[in-house]
Amino acid sequence: MLKRCVAAEWAKLRHSYIWLLVVTLPVISILIGCANYYMNRGILKNEWYSLWSQVGLFYGEFFFPILIAICCAYVWRLEHFQKNWNLIMTAPVSVAAIFLSKWVVVGILLLLVQGIFGGLYVLGGIWLGFNSMPPGELLGWLLRGWIAALAISTLQLALSMRIRSFAVPVGLGLCATFLGLGMYVLDLGQFFPHSLLSIGMGVLSQTSLSTWSQELGFLLVSLLYITIISTAAIRCMRKSDVIT
């Protein structure tokens, strides 16, 4: 049942404009970050790590969270048109399969975005003339960022499910991004999904997860958010209608 729902969700996205955003936002992040690094290369001496701090700041603290919110709002967009919500709620599939299929599809999109961003980061370093190899931590930053993005997408999917407007959940996601940054600065990052992105990707501190215990804690907290929010959203689908 879940597999069929995922296939249906994927078919909806096949000819959509979401692919343009998936490619464009990582490119913009890399261009801005590389330009900022180039203009400040006199004080940024640590090549790959300095470049990561620049591209990651724009990507992880702004563009990527917004992209997550847009993707989540987009996959619910069709269901909120006319009487399509009634159609999916009376379809011979479980509400859990409906919600989780959207989460899986968004997760695949975000994994693709992370791959594009990582590849562009390496190309940016080569273009800037770095002689050393890319940092060994790169794969870990990207994977942990993806795990944090899965937690954020669970929250954004729940918001987009309940709110018929496309723009409102995206706006809430933007507000949550700034709130997450504030909680990270206050050393309360693990108590909010959006802060986990900064922690996981090493955007502001590339040594924030320097031990196995810290990495395990990050993974467990992310899974806890995913489990709690998705369970609550599925229960909400079973018991109440969307906000009209």
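Could you sort T177, T227, T90 by their accessible area in this structure, using a 1.4 Å probe and putting the largest first?
T90, T227, T177
Per DSSP helix of 4 or more residues, -39500 (n - 2.57); summed, then divided by the residues of the chain. What does that give at 222 nm, rounded to the nearest 500?
Dividing the helical sum by the residues of the chain leaves -25000 deg cm²/dmol.
Angle, helix 47-58 long axis vs. longest principal axis of the chain, Cα atoms, 0 to 90°, nearest 10?
Between the helix axis and the principal axis of the chain, the angle is about 30 degrees.
Once you have a ≥ b ≥ c as the square roots of the Cα gyration tensor eigenvalues for the range 2-239, tell me rounded if a/c is under 1.5, and otherwise prolate or oblate according to whether a/b is larger than b/c.
Cα axes put the range 2-239 in the prolate bin.
Provide the solvent-accessible area of V93, counting protein heavy atoms only and rolling a 1.4 Å probe, rounded to the nearest 10 Å².
Probe radius 1.4 Å; accessible area of V93 about 40 Å².
Can you give the accessible area of F178, probe radius 1.4 Å, in Å² rounded to 10?
Using a 1.4 Å probe on the heavy atoms, I get roughly 120 Å².
Per the 1.4 Å probe, what fraction of the accessible area of the range 117-212, in percent, lies on carbon and sulfur atoms?
Using a 1.4 Å probe with all protein chains present, the range 117-212 comes out at 73 percent carbon and sulfur.
Provide the packing ranking of 129-138, 62-71, 30-39, i.e. peptides ordered by the mean count of other C-beta atoms within 10 Å per residue, highest first.
Those peptides, ordered most packed to least, come out 62-71, 30-39, 129-138.
Nearest 10 degrees is fine. How inclined is helix 64-77 to the longest principal axis of the chain, computing both from alpha carbons?
It is inclined by approximately 20 degrees.
Order C72, C175 by their accessible area, 1.4 angstrom probe, all chains in place, largest first.
C175, C72
How much solvent-accessible surface does M1 expose, in Å² to the nearest 10, with a 1.4 Å probe and all protein chains in place?
Ignoring ligands and nucleic acids, M1 comes out at about 100 Å².
If one takes the longest principal axis of the Cα atoms in the chain, at what angle in degrees, from 0 to 90 and to the nearest 10, does the Cα axis of helix 2-13 lie?
Relative to the chain, helix 2-13 is tipped by roughly 70 degrees.
The values are calculated or read from the model by the stated rules, or taken from the named source; none is laboratory data. What you see is a predicted model; the values in this text were computed from it and never measured. Cβ atoms come from the backbone with ideal geometry, glycine included; neighbour counts cover every protein chain shown. Keep in mind that these areas ignore ligands, DNA and RNA; they rest on the heavy atoms of the full protein, side chains included. Shrake-Rupley method; radii C 1.70, N 1.55, O 1.52, S 1.80 Å.
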